[in-house]
Structures are given as C-alpha cells and as structure tokens.
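*Asks:* Please read through the structure below; I'll follow up with questions.
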Amino acid sequence: SSEEKIRQLEKKVNELVEESCIANSCGDLKLALEKAKEAGRKERKQREQIATPENINLDLTYSVLFNLASQYAANEMYAEALNTYQVIVKNKMFSNGGRLKVNMGNIYLKQRNYSKAIKFYRMALDQIPSAHKEMRIKIMQNIGVAFIKTGQYVDAISSFEHIMSTSPNLKAGFNLILCYFAIGNGEQMKKAFQKLIAVPLEVDYDDKYISPNDDPHTNLLIEAIKNDSLRQMEHERKTMAEEYIMTAAKLIAPVIETSFAVGYDWCVEAVKASHYVELANDLEINKATTYLRQQDFSQALETLKMFEKKDSRVKSAAATNLSFLYYLENELVQASNYADLAVNSDRYNPAALTNKGNTVFANGDYEKAAEFYKEALRNDSSCTEALYNLGLTYKKLNRIDEALDCFLKLHAILRNSAQVLHQIANIYEIMEDPNQAIEWLLQLISVVPTDPHVLAKLGKLYDNEGDKSQAFHYYYESYRYFPSNIEVIEWLGAYYIDTQFCEKAIEYFERAALILPTQVKWQLMVASCYRRSGNYQKALEKYKVIHRIFPENVECKLF
C-alpha cells in the first residue's frame, strides 16, 4: 500500500540521519554532509507522496533540516547552514525552532560578526522559558563573551554579574574579573574575586578514595574507581578551578593595592578563607617567583623561607626554588641543604632530585649526580632538565654513547631546542663523525641563524673536511654577527692571503690589531700584506710605526 511505502521511506530517512550523525562523530565530515543531503532529498520525496497535509511527519522534517544545518556548520559552509536554520526558525509549525537561534548566533560568532551574534543570542533568550535556567545561563555567557570580543566591557559585566547572582560558575566569575581588569576597577576586581572563590566545586574529593578499613570488597571497589572516568572528570574540574583562581590572582594582585606584594597578600587571605584553602600556599610561591622576575632576590628568598614550617608538598616546592636560587649564586652548601630538605619533604619531587644532582655535579661527583637524575626520571619520565643533565654527566664520565642516547631522547621531546641540538652535534664531533656533526649544526642554524659561535664551528668543520668555499661562507657569516673573534679573524685573513687577495686580508688583521694592541704579530701581518701586494711605501711606513711601539722587535728591524 502507499502508506507502507511512505513508512519505508521514513525508515530510510531516519537511517540516513543516523548514519550522518555517526560519520560526524567519527570525524568524516564530508560523508556526514553527503548523508544529510541525501536524507533531505528522500524526505522531500516522501512529503510529496502524502496527499493530506495533516499526515506529514513534522518531527521527521525538523530532524532532517536540523541535522543538515549542523553538518553544513561542521564543514564550515556557514552561509548554507544559516539558510537551513532560517527555514526551521521561520516555520511556525516547529514549536521549538526558536532556540536554534543560539546555533545561528554561534555561527556569527565564528565569522567574527559579533553584533549579529549578540542579536541572535538575545532573540534565542526571549524564546526560552525561564524554567530552562541552565540553557538561559549558557546563552548569557555567550552574550558576555561576544561583548568582550567587541570591547564593550560594561555590557559584558552586566551579563556576567547576572550569571554570578543567579547561578554562579567558574568561567563566568573569571570572565567578570577580566572585564573589571580591562576597565581598571580595583574595588570591583576584589568583589569579583571573592565571588569566584565562593563558587562551589561540587567535587567530594579524596575521602571516597581512601579505604576506611581492610575489607577486601571495599578495597576492590576503591581500586576500580580510583582512576575511572568520573574521577578524571573530578580531577579536571579541580584543575580548571585552580587554574582560574591562580590566573585571576596573578592578574589582579599587582593592580588592586598600592604594591603587588600587598595585592598578593590580600588574595592569599581571601583564598585562605574559602574552600580552596590549599591554593593559598601556591599563591605565596607565585609571589616569590614574581619577586624573582623583578630581580628582587632577597625578598624572594625571604618569602620562600616562610615555608619551612608548612606541610611537606609546599615545603618541598619552596625548598626546590631556594635550592636553585642558591645554586645560581654559587652558594653550593646552602643549595645542597635546601635540596636535601626538598627531597626529604617529597621523595617523588623530580625538580628537587634534579637540584640535588646539580649540587653533587658541581662538586665533581658525577656518578652520584647521575643516580639522582635517574631517580628524578623514574618519578617523572618527562622531566627534561634531569634528562639533559644526565646527558652532560655521561659526557663528563666519557660514556659518550649513553650521553648521545639521552640527548636524542630529549630531541624527540623538544624538537627545536638549540641547546639539545648543540649537544648532539658536539657529541658527534667527539666521536669523530664530522658529517653527522655538520648535519646537526645545520639543523641548529635553522633554529638560531645568527649565533656566531655555531657558524664558526661549522666553518671549522668544513675547513677540516677540506671544503674551503663552505668554510669561508660560514666563517664570514660568523664574522658579520660577531667581528671580535680572533680565531675567525685570523682564519679569514689567512684565507685571503692563500687566495692571493692580500689587500683584502688587511682589514681583518687591522681589526685584530685593534682588539689586541699589545701583540706585535697582527701589526706585522698588516705590514706583510702591504709588502706582498707590492705597496712598499705603505709597508715601510707601517714598519716604522711598529718599530716606534715595539723597538725591541727583531723581525720588524729586519724588514
């Protein structure tokens, strides 16, 4: 019957819509769009076969059009997506079509047409009943973000303030602080910060992951949920909350009070009074690092020393920083003491173990240093400092293959690190493999094209290989960036003498004479160049000048 045919067509259309959605979730956006278009064609055909309008399946038409618009948007065909959404929104038969104006607003936001985006968000807001509180909050959030994009901070503030008074969340609280920061209102920044830290996290965190007794059934259950997706979600929420609060504090601390230190103290006190109390210590450590950035080392040391009485995790972080500061100031005894304190407070802190290794390394005990670096890597295989220092230690111990292994591993993690590339090239040079050394130095030059020492090193390697023209190219480049390296000057001068361009060599030897005025050798070279190029008058004058300055020089008298 014709009804049966229509039902079969309907089924086929539904299957196509499902296939389109599945293709989209698998990342095949092109196929998803093709299926969505095909569903549209079949659905039209099905509608044309229905004789009476009241028998048309509106839900099917809606889902086909909605899916088509979504797939257009996913393929960044925004004009087509907007047209398809318009068809739904303008049709009075679709009772919930109005809320799709949010999707249209999102497209305008992607196209950076912010005023249109705001207009559509507001139209959507008008059509969503107040019972749907969460949906309304999300749209308000989008309106606020669009206002930030256009620099209309006051309008953005009213959006975010409304959210924070009805249904506060971390993102809105953070954006509110940013807006007040942008207009420079210190008092409101403080109020907004207090609103941010009052947002409940809704994570009943560690208690449920600790076994109250030795019941094997409970322990099994805890083991199962210890790292399940819910736990990971809780962890992500907690991390996100901490990031928002820390970033906000770092941002506003320098501007809410007379000095950044007072501002930080205010933030620390506010955080201590909230349920994010453990962040207060991290903020104090941040205060110390801000002192460091401002080159105020004594204040930084004072701030860090306050942590010696605190709990072990923070004590370890502070001691790690102190240890490194003393290490930089070459006070190795203090550096070693604080490294010990850091390691004792937290045996698994890779930075503390690396610092301990550094102090041992500086005292020349390379075997022991290697042990500390290895332990740091066992605790955190991505600790690049420990891996780099382990490579240096193996170099000192003349275990060249193991050193190379460390730096090649590092190169896989830090693709464009100039230091790592330099070390690999240096090791190949020690292994007497100049071709590989040149290969790595060329990679290094692509990262630091103006480093005169690397350029000179390349020149030297090419010279050893007998490739004079390449050697000249790199020595000359090195000289251009740093015209005071005597070795480079000497090589260039000698190169011009070898190639019979003595007058060109003069400028290099004159520069060497300027750099080392007490060495007669360079002055004699200049005179010798004049002599070789047949300019005897100039040569004689130069020898007389040299004789006046160095009356004892026999070679000068001879000439």
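*Asks:* Mind giving me the FRET efficiency for residue 435 and residue 334? R0 is 51 Å, r the Cβ-Cβ distance, nearest 0.05 is fine.
*Replies:* Here the calculated transfer efficiency is 0.65.
*Asks:* Which value at 222 nm does the chain reach when only helices count, each DSSP H run of 4 or more adding -39,500 (n - 2.57), with the total divided by all residues and rounded to the nearest 500 deg cm²/dmol?
*Replies:* Estimated from H runs of four or more residues: -25000 deg cm²/dmol.
*Asks:* Work out the length of the dipole vector of the stretch 389-452 about its Cα centre, built from +1 on the beta-carbon of each Lys and Arg and -1 on the beta-carbon of each Asp and Glu, and round it to the nearest 20 debye.
*Replies:* Values: 5 positive and 8 negative charges, 58 e Å.
About 280 debye.
*Asks:* Specify which residue in the list 338, 362, 383 is farthest towards the positive end of the charge dipole of the stretch 307-396, using unit charges on the beta carbon of Lys, Arg (+1) and Asp, Glu (-1), about the Cα centre.
*Replies:* The listed residue farthest towards the positive side: 383.
*Asks:* Tell me, what is a quarter of the convex hull surface for the C-alpha atoms of the chain, in nm² with one decimal?
*Replies:* That works out to 44.1 nm².
*Asks:* Quickly rank 24-36, 368-380 as a protection proxy: mean count of other C-beta atoms within 10 Å, highest first. Could the numbers behind the result be given before it?
*Replies:* Numbers: 24-36: 16.5, 368-380: 19.7.
Going from most to least packed, we get 368-380, 24-36.
*Asks:* Cut-off under 25 Å on the C-alpha distance; same-chain residues fewer than 8 positions from residue 460 excluded. Which lysines are left, in chain and number order?
*Replies:* Qualifying lysines at Cα under 25 Å: 395, 396, 468, 504, 521.
*Asks:* OK, next. Using r as the Cβ-Cβ distance of residue 378 and residue 22, and R0 as 30 Å, what FRET efficiency do you calculate, to the nearest 0.05?
*Replies:* Calculated transfer efficiency: 0.10.
*Asks:* Are there any helices in the chain, counted as whole DSSP H runs, that stretch 15 Å or more along their axis by Cα and score at least 1.0 on average by Kyte-Doolittle, and if so which?
*Replies:* Details: long enough: 2-25 (35 Å, -0.87); 29-48 (29 Å, -1.71); 58-74 (24 Å, 0.72); 78-90 (18 Å, 0.20); 114-127 (20 Å, -0.44); 133-150 (26 Å, 0.16); 153-166 (20 Å, 0.36); 170-183 (20 Å, 1.64); 186-197 (17 Å, -0.65); 229-256 (40 Å, -0.16); 260-272 (18 Å, 0.62); 279-293 (21 Å, -0.37); 312-328 (24 Å, 0.36); 332-345 (19 Å, 0.32); 350-362 (18 Å, 0.15); 366-379 (20 Å, -1.21); 384-396 (18 Å, -0.46); 400-413 (20 Å, 0.84); 418-430 (18 Å, 0.51); 434-447 (20 Å, 0.65); 452-464 (18 Å, -0.30); 468-481 (20 Å, -1.58); 486-498 (18 Å, 0.68); 502-515 (20 Å, 0.24); 520-532 (18 Å, -0.08); 536-549 (20 Å, -0.73).
Those that pass (Cα extent of 15 Å or more, hydropathy at least 1.0) are 170-183.
*Asks:* Give me the one-decimal nm value for the distance between modelled label points at residue 239 and residue 226, 7 Å along each residue's Cα-to-Cβ direction.
*Replies:* Placing both labels 7 Å beyond Cα along the Cβ direction yields 1.9 nm.
*Asks:* Once the convex hull of the alpha carbons of the stretch 423-559 is built, what does its volume come to per residue, in cubic angstrom?
*Replies:* Considering the Cα atoms of the stretch 423-559, their hull volume per residue is 116 Å³.
*Asks:* Need one number: convex hull volume per residue for the stretch 307-396, Cα atoms only, in Å³.
*Replies:* Values: hull volume 6.9 nm³, N = 90.
Roughly 77 Å³ of hull volume per residue.
*Asks:* So, in Å, what gap is there between the alpha-carbon centers of the stretch 267-303 and the stretch 455-491?
*Replies:* After rounding, the separation between the Cα centres reads 49 Å.
*Asks:* Modelled label-to-label distance, residue 5 and residue 305, 7 Å Cα→beta-carbon offset: nm?
*Replies:* 9.3
*Asks:* Rounded to the nearest 0.05, what FRET efficiency is calculated for residue 92 and residue 133 with R0 set to 22 Å and r the Cβ-Cβ distance? Intermediate results must be reported in sequence, preceding the final value.
*Replies:* Values: r = 26 Å, r/R0 = 1.20.
E between residue 92 and residue 133, to the nearest 0.05, is 0.25.
*Asks:* May I have the extent of the alpha carbons of the stretch 40-104 along their three principal axes, as whole Å values ordered from largest to smallest?
*Replies:* Computed over the stretch 40-104, the largest-to-smallest principal extents equal 36, 23, 13 Å.
Since every read-out is calculated from the coordinates, none of them should be taken as a lab result. The structure presented is a predicted model; accordingly, all values stated were derived computationally and were not measured. Positions of Cβ are generated from backbone atoms using ideal geometry, with glycine treated the same way; all protein chains shown enter the neighbour counts.
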